[in-house]
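**Q** To start, I am sharing the structure in question, which I have written as structure tokens.
The values are calculated or read from the model by the stated rules, or taken from the named source; none is laboratory data. Just so it is clear, the structure is predicted and the values come from calculations on it, not from any experiment. Here Cβ is always computed from backbone atoms with ideal geometry, including for glycine, and neighbour counts include all displayed protein chains.
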Amino acid sequence: MGSGILENVYFAGLILAVAIRTPHERRRGRNRITDHLVNRLEVALMSFVVLGMFLLPVVYTLTPWLEFADYRLPSWADLSGVAVFTGALWLFWRSHADLGRNFSPSLQIREERTLVVSGVYRRVRHPMYAAQ
């Protein structure tokens, strides 16, 4: 696969991940939070996620600044990467669907919370993290 195709696949996957998460974010806003346990370390780490997943790929795609780090992989690596990315997006979707109203992007304690042990949570301890 050409580099441009893989870049398009990557950005399409990011858009799909945002589309998967958006309805859960909206629903989360209707839950009453009893305790919000986000600290500066979590905010800093999430900033690195934004840098690594969004900002650097955009800079790589739209500018020549990161060309020094460019290299080619065999085509089987491209196809394997697309397959893994597709599986990760499915797991990301499934983990959100299985969490339902229990979804939270950070450590927040809510009223009427439940421990989810069904769906993908029956087999994988932290499927949303595994998908990312």
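**Q** Can we say LEU62 is at pLDDT 85 or above and surrounded by 10 or more Cβ atoms within 10 Å (Cβ to Cβ)?
**A** no
**Q** Also, quick follow-up: Looking at (1) touching a residue at least 40 places away in the same chain (Cβ under 8 Å); (2) outside any helix (DSSP H, G or I), find the lone condition where VAL124 falls short.
**A** (1)
**Q** I'm trying to understand the selection: among the residues of the stretch 73-98, which are at pLDDT below 90 and in a helix (DSSP H, G or I)?
**A** Result: SER75, single match.
**Q** Another question, then. Output the number of residues of the stretch 20-33 satisfying the condition of being loosely packed, with under 10 Cβ neighbours inside 10 Å and hydroxyl-bearing (Ser, Thr, Tyr).
**A** The qualifying residues number 0.
**Q** Could you say which residue among ARG30, ARG40 is under 30 Å from GLU112 (Cβ atoms), at pLDDT below 95 and touching a helix residue (DSSP H, G or I) at 6+ places or on another chain (Cβ under 9 Å)?
**A** Testing whether each residue is under 30 Å from GLU112 (Cβ atoms), at pLDDT below 95 and touching a helix residue (DSSP H, G or I) at 6+ places or on another chain (Cβ under 9 Å) leaves just ARG30.
**Q** Sticking with this structure for a sec: Counting just the residues of the stretch 14-72 that are in contact (Cβ under 8 Å) with a residue 24 or more places away in the chain and not in a helix (DSSP H, G or I), which one comes out nearest to PHE85 (Cα to Cα)?
**A** Per the criteria, the residue is VAL38.
**Q** Let me ask you something else. Within the stretch 34-56, can one find any residue that is under 20 Å from the mean Cα position of the chain (by Cα), surrounded by 10 or more Cβ atoms within 10 Å (Cβ to Cβ) and aromatic (Phe, Trp, Tyr)?
**A** Yes.
**Q** Got a sec? Which of ARG32, ARG40, ARG72 is of a type outside the set (Gly, Ala, Ser) and under 20 Å from ARG101 (Cα atoms)?
**A** None of the other options fit; the residue is ARG32.
Results for (1) out of contact with any Gly (no Cβ under 8 Å at 6 or more places or on another chain); (2) loosely packed, with under 11 Cβ neighbours inside 10 Å; (3) at positive phi; (4) not hydrophobic (A, V, I, L, M, F, W, C), shown as yes or no for each residue.
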| site | (1), (2), (3), (4) |
| --- | --- |
| ASP78 | yes, no, no, yes |
| PHE85 | no, no, no, no |
| LEU99 | yes, no, no, no |
| ARG110 | yes, no, no, yes |
| VAL116 | no, no, no, no |
| ARG123 | yes, yes, no, yes |
